[in-house]
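The values are calculated or read from the model by the stated rules, or taken from the named source; none is laboratory data. Since the model is a prediction, treat every value here as computed from it, not as a measurement. With ideal geometry, Cβ positions are generated from the backbone for all residues, glycine too; neighbour counts draw on all protein chains shown. Accessible surface areas use protein heavy atoms only, side chains included; no ligands, DNA or RNA. Shrake-Rupley method; radii C 1.70, N 1.55, O 1.52, S 1.80 Å.
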Amino acid sequence: VVYCSKMNKIVQCNDIAKKEGIEIGHGLAQAAALCPYVHVLPFNEENERHMLTQLAHRLYPQASHIVLCSHAYSGGLAIRLDNLTHYYGGHEPLWKTLTQALSESDVRYHFGCAWTIEAAKVLALQKHDTYVCALDDIKKALNACPLSITALAPKVIESLARVGITRVQQLLAMP
């Protein structure tokens, strides 16, 4: 597992750790209780940034509008796709090209597609992993997401939870 001491959370785990019951978000004590022989690697932001930069370089020939989004253990890439559909002949060939490049890179990832980087990140954190481009489909997917994976401050999320608002849909429905 990869452990982030700043957050006191497991931020990555392999299939063997998952089979032992360890999940991303567990604390170190919980992981050790589930699997006494767990091998712990410290999270290193610089290594993550380096890997993301290498991946961005690999994807650059297919999609040149790439931004590194590195935020303490939840880094990723944001790629603007709407301006590329014309060159690839639609969304499906574009997505097929990008997923082929990602599979050649041998990385595991979760993704989201939305109208802003923030909305796409929420869908990626939710592990939506479905390429959607219709606004109604994006909104429907976002509505199902819990507020806990948004960029809202924990105190705001707690305050909203006290009045029964725990999902994005409930928040957007507020006047």
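Applying the selection to segment 18-54, what residues are assigned to a helix (DSSP H, G or I), under 21 Å from Q126 (Cβ atoms) and among the aliphatic types (A, V, I, L, M)?
Scanning segment 18-54 gives a single hit, L52.
Name the single residue, out of those in segment 120-138 being among the charged types (D, E, K, R) and out of contact with any Gly (no Cβ under 7 Å at 6 or more places or on another chain), that is farthest from H110 (Cα to Cα).
Once the filter is applied, the top-ranked residue is D136.
Quick check, is C145 under 11 Å from A114 (Cβ atoms), in contact with a Ser or Thr (Cβ under 9 Å, 6 or more places away or on another chain) and not hydroxyl-bearing (S, T, Y)?
No; evaluated as a whole, the condition is false for this residue.
For segment 40-99, how many residues are over 23 Å from S5 (Cα atoms) and of a type in the set (G, A, S)?
Count: 6.
Being of a type outside the set (D, E, K, R) and free of Cβ contacts under 8 Å to residues at least 12 places away in the same chain, is that true of even one residue in segment 73-83?
Scanning segment 73-83, I find no residue that is of a type outside the set (D, E, K, R) and free of Cβ contacts under 8 Å to residues at least 12 places away in the same chain, so the answer is no.
Starting from segment 1-29, take each residue that is closer than 18 Å to V107 by Cβ and list its partners that are part of a helix (DSSP H, G or I) and at pLDDT 90 or above, counting only C-beta distances under 6 angstrom and pairs at least six apart or across chains.
From residues that are closer than 18 Å to V107 by Cβ, the pairs are V1/A17; V1/A31.
Please pick out the residue among K127, K140 that is in contact with a His (Cβ under 7 Å, 6 or more places away or on another chain), open to solvent by 30 Å² or more (accessible area, probe 1.4 Å) and not polar (S, T, N, Q).
Only one candidate qualifies: K127.
Among the candidates L34, L41, single out the residue that is under 30 Å from P154 (Cβ atoms), in contact with an Asp or Glu (Cβ under 8 Å, 6 or more places away or on another chain), open to solvent by 50 Å² or more (accessible area, probe 1.4 Å) and at pLDDT 90 or above.
Only one candidate qualifies: L34.
Rundown of residues vs (1) surrounded by 17 or more Cβ atoms within 10 Å (Cβ to Cβ); (2) under 16 Å from M51 (Cβ atoms), yes/no style:
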site	(1), (2)
L68	no, yes
G75	no, yes
D82	no, no
L98	yes, no
C113	yes, no
K121	yes, no
